[in-house]
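Data block below; observations after.
The values are calculated or read from the model by the stated rules, or taken from the named source; none is laboratory data. Keep in mind that what you see is a predicted model, and the values were worked out from it rather than measured. We place every Cβ from the backbone using ideal geometry, glycine too, and count neighbours over all the protein chains shown. What goes into the accessible areas is simple: the full protein's heavy atoms, side chains included, and nothing from ligands, DNA or RNA. Shrake-Rupley method; radii C 1.70, N 1.55, O 1.52, S 1.80 Å.
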Number of protein chains: 2
Amino acid sequence: MRVYNFSAGPSVLPVPVLERSAAEMLDTNGTGQSVMEMSHRSKEFKTIIDGAETKLRELMKIPANYKVLFLQGGASLQFAMVPLNLAAGDAPGVGKKASYIDTGIWADRAAVQAAEYAQVEVRASSKDRAYSYIPTAPAPNPGDAYYHIVVNNTIVGTKWAQFPETGDVPLVGDISSCILSEALDVSKFGLLYAGAQKNLGPSGVTVVIVRDDLVGHAPSWVPIMLRYDTHTVEGSVSMYNTPPCYGIYIMGLVLDWVKGLGGVPAVEKMNKEKAALFYDYLDNSKLFRGTVEKPFRSLMNIPFVVTVEDKEKKNEMETRFVKEAHTAGFVNLGGHKLVGGMRASIYNAMEIEGIKALIQFMEKFEAQNS
Amino acid sequence: MRVYNFSAGPSVLPVPVLERSAAEMLDTNGTGQSVMEMSHRSKEFKTIIDGAETKLRELMKIPANYKVLFLQGGASLQFAMVPLNLAAGDAPGVGKKASYIDTGIWADRAAVQAAEYAQVEVRASSKDRAYSYIPTAPAPNPGDAYYHIVVNNTIVGTKWAQFPETGDVPLVGDISSCILSEALDVSKFGLLYAGAQKNLGPSGVTVVIVRDDLVGHAPSWVPIMLRYDTHTVEGSVSMYNTPPCYGIYIMGLVLDWVKGLGGVPAVEKMNKEKAALFYDYLDNSKLFRGTVEKPFRSLMNIPFVVTVEDKEKKNEMETRFVKEAHTAGFVNLGGHKLVGGMRASIYNAMEIEGIKALIQFMEKFEAQNS
């Protein structure tokens, strides 16, 4: 029996995607092979990877002057690749300037890694109130090579309501946990990146969307695999070495599913309904409350706590809630180990029925514990 | 209908593995989830990743003082990680010395990448005879941080008959295309690495087996994701960020399959029978011949050509052979684009029936074309 999976990533995938991948496991499109067995240079796989790119371009309305890359290493590797390609100098430690906004643990990790290769300045932070809001973004510094934000913060459940105006300075965005969840104007960014394991497919694929003029500036000491220009060679895009083929195939099926639902506008509408339902419940509950300030609430990741003053009792009740929920078929509701509490991640593939069922379960838990 | 797939990688996988992964796609081990949907921090996934490590350690007899890592980026990323961790200095270009043996295109790529971070000396090469043999390996240079070889050369079809004696200098081996194909004494090496997409599972997982004393020496400017010590933290091995979970799961199923066959000794026996069958046919054929000198023939990748003098006729016949073979259900027999000709990759999962059927097809082709 399927469970309701509220994992922050890897996370729930659409059942039709899983069913199709299972059905095609021994023979995909009449090739007599699983996609896992296909040569990445074969015509059959070229159709799959080109199809995934085309569908992503269409769904996100990606302008023609951006490359779409399917890489490995997750957002964590992009934390290094972004400064190495956009700001690095003749040696580590002597690169150009870059502005970072600190909105959580991942944003901080990105800045710490970049500081090895760029002159990083953290321009604003919401750490003072446990990252429960998005701070006001100052204008770029003169000479900034880029300006980095995490658009949706998976752990703390915030998202940017309005993007910083950065003029000619390329805005770089980590969209790992919000890609395809609602409309996004790609042309406002110089570079976007996302680990696939939330809204796109399995872990092991990283999507990079990069404007052409930002490719080709890495100094010669940057590892070959970490240079964007290694992966943008005409006729061999994302094919310098063997790409994560099966993940790309699953991503293609997920993109088909999004198209079938009516594309990003339809998905956005569903996500807003789903999130509103859950936030409304939290706002009216006497036992549970959300932890994020209203204007910055994520559509994807909703952290919450129990409103019990005594710390020991609070911890006990939260631990028990997560455990009882798990037994009832609502899994992965524990908050990130660095922040505690609970978190419901409700990505595109989480059906509204899952939210309704969770709310019912929480109402029952509330009744039993007040 | 399944085909006989002679791809050099990604390549054929055992049918029982594919059947089980299809059967478990919507619900794995009673969790109500696909492995693609599991939180990588969940108990369920921990069982999967720990199980894969335990099985690999057992099958390869990996000593306790080696870490086993499941990373991303393929062997190509190891071409950088090896020098960055074992030889790099205070800045790029000022590292320690390292010896490389040039036995083909990948060995050359490894040396070229390493030269950015280490004082690389290519100590021997078989380029003079189109990489059709393994050259004699000289002793390490005094001061070498490590000594690098590619144990099995996927493109040209050679393998080391006897490893270089490197004394205290760590021997580093790329075993992407021969891991688990025959017995290998891990303790002779300081570090081994392998892309999974040949004998282990789907692309997107890279196995690194590294001796403890070689971890922890990367200078601070090396990207966090490219430091071995990032991935060896006790209790979080291969878990600094989200690993390629589904690939690791499939690898675990493949390792179960190898165990079920009787482990590496049984697989080695099968591989030797399979290769002998095909080499015997090539040695006795009037139309086809292998391209590798006998003492250095790979068990896994067998390149061959047609023995037609006229170059144009040769090319025409080889192209036609690959095409007719494809139509008959023997796919991916074209040689690597850099060397041409044909190549049959016969990894662990290629059954002996596939070799026999291919030989029959080649005998028929030979009869029709002489």
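Can you work out the FRET efficiency for the pair A:Ser220 and A:Lys286, with r the C-beta to C-beta distance and R0 = 51 Å, to the nearest 0.05?
0.25
Sum -39500 (n - 2.57) across every DSSP H segment of at least 4 residues in chain A, then divide by the residue count to get the 222 nm mean residue ellipticity, nearest 500. Could the numbers behind the result be given before it?
Details: 8 runs with 123 residues, N = 370.
Helices in chain A give a 222 nm mean residue ellipticity of -11000 deg cm²/dmol.
In whole Hz, what ³J(HN,Hα) sequence does the range B:183-196 give by Karplus (6.51, -1.76, 1.60; θ = phi - 60°), x for Gly and Pro?
Rounded to whole hertz, the list is 4, 9, 7, 4, 5, 6, 10, x, 8, 10, 9, 7, x, 6.
How big is D for the protein assembly as shown, in µm² s⁻¹ as a whole number, if Stokes-Einstein is applied with the Kirkwood radius of its Cα pairs at 10 °C and 1.306 mPa s?
For these conditions, the coefficient is 59 µm²/s.
Placing a label point 7 Å from Cα toward Cβ, how far apart in nm is A:Asp27 from its equivalents in the other copies, listed shortest first to one decimal?
2.7
Per residue, what accessible area does chain B have, given a 1.4 Å probe and all protein chains present, in Å²?
Value returned for chain B: 38 Å² of accessible area per residue.
Can you figure out the FRET efficiency of A:Met1 with B:Arg2, using R₀ = 51 Å and their beta-carbon distance, to the nearest 0.05?
0.95
Given the peptides B:322-332, B:300-310, arrange them by the average over their residues of other C-beta atoms within 10 Å, most packed first.
By packing density, highest mean first, the sequence is B:300-310, B:322-332.
Just tell me how shielded A:288-295 is by partners: mean number of partner chain Cβ atoms within 10 Å of each residue's Cβ, no decimals. If you can, show how the numbers build up before the last one.
Working: counts 0, 0, 0, 0, 0, 0, 0, 0.
That average works out to 0.
Hey, how many Å between the Cα centroid of the range B:1-47 and the Cα centroid of the range B:130-174?
For the range B:1-47 versus the range B:130-174, the Cα centre distance is 35 Å.
Chains B and A: buried accessible surface, both sides, probe 1.4 Å, rounded to 100 Å²?
Numbers: alone 16410 and 16420 Å², together 27960 Å².
So the buried area, both faces added, is about 4900 Å².
7 Å along Cα→Cβ for the label point: how many nanometres lie between A:Pro265 and each equivalent label in the other copies, listed shortest first?
Copy-to-copy label distances at A:Pro265, shortest first: 6.8 nm.
Work out how far the C-alpha atoms of the range B:1-99 reach from end to end along every principal axis, then list the three figures in whole Å, largest first.
Per principal axis, max minus min of the Cα coordinates gives 53, 38, 27 Å.
So what is the relative contact order for the range A:100-251, in percent, with contacts set as C-alpha pairs under 8 Å and at least six apart?
Averaging sequence separation for qualifying contacts and normalising by length gives 15 percent for the range A:100-251.
For the residue pair A:Lys259 and A:Val112, what label-to-label distance in nm results when each label sits 7 Å from Cα along the Cα-to-beta-carbon direction?
Output for this residue pair reads 4.1 nm.
Leaving ligands, DNA and RNA out of it, report the carbon-plus-sulfur percent of the accessible area of the range A:1-150 at a 1.4 Å probe.
Result for the range A:1-150: 54 percent of the exposed heavy-atom area is carbon or sulfur.
With all protein chains present, calculate the accessible area of B:Ser345 using a 1.4 Å probe and round the result to the nearest 10 Å².
About 0 Å², ignoring ligands and nucleic acids.
At a 1.4 Å probe radius, which order do A:Thr136, A:Thr206 fall into by accessible area, largest first?
A:Thr136, A:Thr206
Pairs of Cα atoms under 8 Å, at least six residues apart: use those to get the relative contact order of the range A:295-365, whole percent.
34 percent.
In sequence order, what are the phi-derived ³J(HN,Hα) couplings for the range B:2-9 according to the Karplus relation 6.51 cos²θ - 1.76 cosθ + 1.60 with θ = phi - 60°, rounded to whole Hz, with x for glycine and proline?
Along the range B:2-9, the couplings run 5, 9, 8, 10, 9, 4, 6, x Hz.
In the range B:91-115, which residues give up 30 Å² or more of accessible area once the other protein chains are added, compared with their chain alone (1.4 Å probe)?
By number: B:Pro92, B:Arg109, B:Gln113.
Can you run phi through the Karplus equation (6.51, -1.76, 1.60; θ = phi - 60°) for the range B:358-367 and list ³J(HN,Hα) in whole Hz, with x for Gly and Pro?
Couplings: 5, 4, 4, 4, 5, 4, 5, 4, 4, 4 Hz.
Which distances, shortest first and in nm, link B:Glu353 to the matching position in the other copies, using label points set 7 Å out along Cα to C-beta?
Going from nearest to farthest copy, the values are 4.1 nm.
Given the protein chains as shown and a 1.4 Å probe, how many square angstrom of A:Ser203 are accessible, to the nearest 10?
10
Comparing B:Glu165, B:Glu353, B:Glu268, which has the greatest mean-square fluctuation in the GNM of chain B with Cα pairs linked when under 10 Å apart?
Comparing B:Glu165, B:Glu353, B:Glu268 in a Gaussian network model of chain B, the most mobile one is B:Glu353.
Going by amide H atoms built from the backbone, whose H comes under 5 Å of the H on A:Gly335, apart from near neighbours?
The list, which skips near neighbours in sequence, is A:Gly341, A:Met342, A:Arg343.
List for the range A:194-217: residues with 50 Å² or greater reduction in accessible area, all protein chains versus chain alone, probe 1.4 Å?
Hits at the 50 Å² cut-off: A:Ser203.
Could you tell me how far the Cα centroid of the range A:59-108 sits from the Cα centroid of the range B:211-234, in Å?
Each part reduced to its Cα centre gives a spacing of 22 Å.
With springs connecting C-alpha atoms under 10 Å apart, model chain A as a Gaussian network and identify which of A:Asp144, A:Asp185, A:Asp102 has the largest mean-square fluctuation.
A:Asp185
Per 20 Å bin, what is the whole-percent P(r) computed from every C-alpha pair distance within chain A?
Reading upward from the zero bin: 29, 55, 16, 0.
If the convex hull of the alpha-carbon atoms of the range A:229-356 is projected onto planes in all directions, what is the mean projected area in square nanometres?
So the mean shadow area of the Cα hull is 11.6 nm².
Report the label-to-label distance for A:Ala183 and B:Glu234 in nanometres (one decimal), using points 7 Å from each Cα along the Cα→Cβ vector.
With each label placed 7 Å out from Cα toward Cβ, I get 5.4 nm.
For the pair A:Lys294 and B:Lys61, how long in nm is the line joining their label points, each one 7 Å along Cα→Cβ?
6.9
Below 8 Å between Cα atoms, with a sequence gap of 6+, how large is the relative contact order for chain A in percent?
Working: 689 pairs, mean separation 82.1, N = 370.
About 22 percent, as a whole number.
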